[in-house]
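Okay, structure first, notes after.
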Amino acid sequence: MKRNVGSTDKIVRAIIAVVALVIAGFAGFSSALGIVLVIVAAIMVVTASSGYCPIWSATGINTVGEDGHRHGANAH
């Protein structure tokens, strides 16, 4: 699996996960909406932490960069 989720994309996914969990809490975790939002949050966390999104892969989207490698001061 080639990484296709960049740093900004990861941050956005993390924010979406937190917001989804907060809304799920207000809606009730055992409600239909709560369950869907918990699943969305889990997907966002997994794709952000792994750096790979199968939907981005299927559509050809890559937010990592031109060559798929990290650049800048934190590049190893």
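Just so you know, all these numbers are worked out from the coordinates, no wet-lab data involved. Since we're looking at a predicted model, the values are computed, not measured. Don't worry about glycine lacking a Cβ; one is built from the backbone with ideal geometry, like all the others, and counts go over all protein chains shown.
Listing for the model above:
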| quantity | calculated |
| --- | --- |
| Test: residue in the stretch 6-21 that is closer than 22 Å to P54 by Cβ and either touching a strand residue (DSSP E or B) at 6+ places or on another chain (Cβ under 6 Å) or part of a loop (DSSP other than H, G, I, E, B) (or both) | yes |
| Number of the exception - K2 against (1) out of contact with any Phe, Trp or Tyr (no Cβ under 7 Å at 6 or more places or on another chain); (2) touching a residue at least 24 places away in the same chain (Cβ under 8 Å); (3) surrounded by 12 or more Cβ atoms within 10 Å (Cβ to Cβ); (4) assigned to a loop (DSSP other than H, G, I, E, B) | (3) |
| Residue that is farthest from the chain's Cα centre (by Cα), among those in the stretch 25-55 that are in a helix (DSSP H, G or I) and in contact (Cβ under 8 Å) with a residue 40 or more places away in the chain | S50 |
| Tally of residues being more than 14 Å from M1 (Cα to Cα) and touching a helix residue (DSSP H, G or I) at 6+ places or on another chain (Cβ under 8 Å) across the stretch 43-59 | 2 |
